[in-house]
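Some notes on the structure that comes next.
Coordinate-derived values only; no laboratory data. This is a predicted model, so every value here is computed, not measured. For neighbour counting, all protein chains shown are included, and Cβ atoms are generated from backbone atoms with ideal geometry for every residue, glycine included.
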Amino acid sequence: GESVGLHLPTLSVQEGDNSIINCAYSNSASDYFIWYKQESGKGPQFIIDIRSNMDKRQGQRVTVLLNKTVKHLSLQIAATQPGDSAVYFCAENSSGGYNKLIFGAGTRLAVHP
Amino acid sequence: NAGVTQTPKFQVLKTGQSMTLQCAQDMNHNSMYWYRQDPGMGLRLIYYSASEGTTDKGEVPNGYNVSRLNKREFSLRLESAAPSQTSVYFCASRSLAELFFGEGSRLTVL
């Protein structure tokens, strides 16, 4: 399987609890942010995005919060399920376009029954 | 629809050997990308192609070449592999702001 998660910070939660995954981004000029989920042995999958003119966006069981003052992004997962176990990456469009996204190192989410 | 397909999934090379990673997408996307992923690090962009016939360097292009063969296919070539190129490589294509990734190619250079 993939070794990408071995050296990452890990968040352990109980099934049914809410999870909060945090990300600090680097460029105050970034105006678009995305969260990706990567399951073991697979490529990253888009979860949710947010533009800098918003501070909150909700999807199905997920919410992204953006705090531009402190350059912080968070992903909240409600009622976490075993299928949510994965590595989660935030990304920003540091150059202002979509072609050169800057990805964070990731956080591993482990959901325990 | 297969989405983004990468081959091979696994490859072991000796230092100095060459190889090409193949990528194809069936979503009619204009933009395609090659990333590498190393333990404890985020995805890093190697090269991208904003449209058929164009390619541009990303963050870590040294040691790699790319070819946008047609709208569907974007290949990544290692002319003389080095141990530092041991990594998992991901191809992606883009629709508006969303990237669609392949399942990855694990390359080990001995």
If the chain between residue A:31 and residue A:99 were fully extended at 0.36 nm per residue, the gain over the current Cα-Cα distance would be 23.1 nm
Sum up the charges of everything whose Cβ sits under 11 Å from the Cβ of residue A:23, counting Lys and Arg as +1 and Asp and Glu as -1, but leave residue A:23 out. 0
What's the extension gain from residue A:57 to residue A:81 if we count 0.36 nm per residue and subtract their Cα-Cα distance? 6.6 nm
With a ≥ b ≥ c the root eigenvalues of the C-alpha gyration tensor of the protein assembly as shown, is it rounded (a/c under 1.5), prolate (a/b larger than b/c) or oblate? prolate
Among B:79, B:52, B:98, which one shows the highest mean-square fluctuation when chain B is modelled as a Gaussian network with alpha-carbon springs under 10 Å? B:98
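Please compute the length gained on full extension between residue B:18 and residue B:84, using 0.36 nm multiplied by the number of residues separating them and subtracting their Cα-Cα distance.
Result for the pair: 22.4 nm of gain on full extension.
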Set A:42/B:14; A:71/B:9; A:56/B:57; A:71/B:57; A:56/B:71; A:56/A:100 screened for pairs whose C-alpha atoms are more than 31 Å apart: A:71/B:9; A:56/B:57; A:56/B:71
Once both label points are put 7 Å beyond Cα along the C-beta direction, the residue B:67-residue A:42 separation in nm becomes 3.2 nm
Got a sec? Which residues in the range B:34-68 would a label at residue B:108 touch, if it sits 7 Å along Cα→Cβ and we count backbone N under 19 Å? B:37-40
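Charges at C-beta only: +1 for Lys and Arg, -1 for Asp and Glu. How large is the resulting dipole of the protein assembly as shown about its Cα centre, in Debye rounded to 20?
Approximately 260 debye in magnitude.
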